[in-house]
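Data block below; observations after.
The values are calculated or read from the model by the stated rules, or taken from the named source; none is laboratory data. What you see is a predicted model; the values in this text were computed from it and never measured. For neighbour counting, all protein chains shown are included, and Cβ atoms are generated from backbone atoms with ideal geometry for every residue, glycine included.
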Amino acid sequence: MRKLGSSGLEVSRLGLGTMTWGRDTDEHEAAVQLRAYLDAGGNLIDTAAVYADGDSERVIGGFLGSLVNREEVLIASKAGISFKSGERKVLNSRLSLIEDLDKSLQRLGVDYLDLWQVHAWDETTPIEETLSALDYAIHSGKVRYVGVSNFAGWQLSRAQTMQNPLFGKAPITSMQAEYSLLNRVVEREILPASENLGVGFLAWSPLGRGVLTGKYRNGTPSDSRGASPHFAAFVSPYLDARSRAIVDAVCVAAEGLGFSPLEVSLSWVRDAPGVTSSIIGARTGAQLRGVLTVEEIELPLPVRQALDEISRISE
């Protein structure tokens, strides 16, 4: 367990991502995943109002009380993104965010969320209005902690500065952003900002959208996310020459250590400076059990340094 920023909330260093639940992952496979994750000692379930049009939250809600007691897990959801018109839209108005929150609670069948996050920055809504929704969520008892997701460093800094608890504001507890050997952009501003502001950092897609498992080295498997109509465009940016070179280095390191490429890539993120928890997602229970083996290993320093060098981002 690790403390989430300067808060008193303890989260497992691997979080369970549920983006595919209710769509590519059916309820049976989701139940197998949840059981395996809990048995391994995890406690953080990450979802969002927009995942599978709300079905991710519905699936999780169906497990509460039957497969797991509500008090055993931390439920983290996100609000502010929709596809109502068929296109991705970010709307962080007070009205929209609170509507998302109430619908999330209803789908999950719970009275409160442990962590509620603004899913993305909204250029059209004043940040003061967005933050007022976070204050409402905390003061109403519907949420225990609040955070943000996919903010730039300056956006996180501004939001946290405005949310000073000395003035009765709900402090920003967490920041969630993409981080992997294929995407280290957060090291420039976001990770330093999070550390200096006392904000915990949650890494999403620590396996480079699945590419760092090595499954795409010889093409796109028919049963992979890269072949899915929902996720093909999500995976394709990491199928370029730079990514292939990094994946090749990971595979060489894995072979030398007797680990899998997945274990090497995930342990690199898990133990990177400033990372509180890494959100892992899988399509099947078997895949997730393979991911959870990473808790048994630690990368030797020379290997970590070599991977640092080959994946380094340009200044």
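So, in the stretch 285-315, how many residues would count as being among the β-branched types (Val, Ile, Thr) and more than 17 Å from Pro206 (Cα to Cα)?
Residues in the stretch 285-315 being among the β-branched types (Val, Ile, Thr) and more than 17 Å from Pro206 (Cα to Cα): 1 in total.
Could you check, for the stretch 98-107, whether at least one of its residues is surrounded by 17 or more Cβ atoms within 10 Å (Cβ to Cβ) and farther than 24 Å from Val11 by Cβ?
yes
Taking Ser277, is it surrounded by 18 or more Cβ atoms within 10 Å (Cβ to Cβ), in contact with a Ser or Thr (Cβ under 7 Å, 6 or more places away or on another chain) and of a type in the set (S, T, N, Q)?
In short, yes.
Exactly one of these conditions fails for Ser66: (1) modelled with pLDDT of 95 or more; (2) over 30 Å from Glu128 (Cβ atoms). Give me its number.
Unmet condition: (1).
Go through (1) crowded, with 19+ Cβ neighbours inside 10 Å; (2) over 13 Å from Thr18 (Cβ atoms); (3) under 21 Å from the mean Cα position of the chain (by Cα) and name the single condition Val73 misses.
(2)
Among the residues of the stretch 53-64, is any part of a loop (DSSP other than H, G, I, E, B) and either among the charged types (D, E, K, R) or buried (at least 16 other Cβ atoms within 10 Å of the Cβ) (or both)?
No: zero hits.
Identify the single condition in (1) under 30 Å from Ile172 (Cα atoms); (2) at pLDDT below 95 that Gly214 does not satisfy, given that it satisfies every other one.
(1)
Just give me the residues in the stretch 195-211 being at pLDDT below 95 and assigned to a helix (DSSP H, G or I), in sequence order.
Val211
For the stretch 85-95, give me the residue count where each residue is assigned to a loop (DSSP other than H, G, I, E, B) and surrounded by 10 or more Cβ atoms within 10 Å (Cβ to Cβ). Walk me through it before giving the result.
Of the stretch 85-95, the ones assigned to a loop (DSSP other than H, G, I, E, B) are 85-88, 91-93.
Imposing the further condition that a residue be surrounded by 10 or more Cβ atoms within 10 Å (Cβ to Cβ) reduces the set to 88, 91-93.
Residues meeting the conditions: 4.
Consider Trp116 against the criteria (1) in a strand (DSSP E or B); (2) surrounded by fewer than 16 Cβ atoms within 10 Å (Cβ to Cβ): it satisfies all of them except one. Which criterion is unmet?
Going through (1) in a strand (DSSP E or B); (2) surrounded by fewer than 16 Cβ atoms within 10 Å (Cβ to Cβ) one by one, Trp116 breaks only (2).
Kindly list, by first and then second residue, each pair from a residue in the stretch 67-92 that is under 18 Å from Asp55 (Cβ atoms) and in contact (Cβ under 8 Å) with a residue 60 or more places away in the chain to a residue that is assigned to a helix (DSSP H, G or I) and among the acidic types (Asp, Glu), limited to pairs with Cβ atoms under 9 Å and residues at least 6 apart or on different chains.
Within 9 Å, the pairs are Lys78/Asp100.
Within the stretch 162-194, can you find the residues that are more than 30 Å from Leu299 (Cβ to Cβ), modelled with pLDDT of 95 or more and not in a loop (DSSP other than H, G, I, E, B)?
Met162, Ile172
Among the candidates Ala254, Ala272, Ala245, Ala249, single out the residue that is free of Cβ contacts under 8 Å to residues at least 60 places away in the same chain and either of a type outside the set (S, T, N, Q) or touching a His at 6+ places or on another chain (Cβ under 9 Å) (or both). Spell out the reasoning first.
On the way: Ala272 fails: free of Cβ contacts under 8 Å to residues at least 60 places away in the same chain; Ala245 fails: free of Cβ contacts under 8 Å to residues at least 60 places away in the same chain; Ala249 fails: free of Cβ contacts under 8 Å to residues at least 60 places away in the same chain.
The match here is Ala254.
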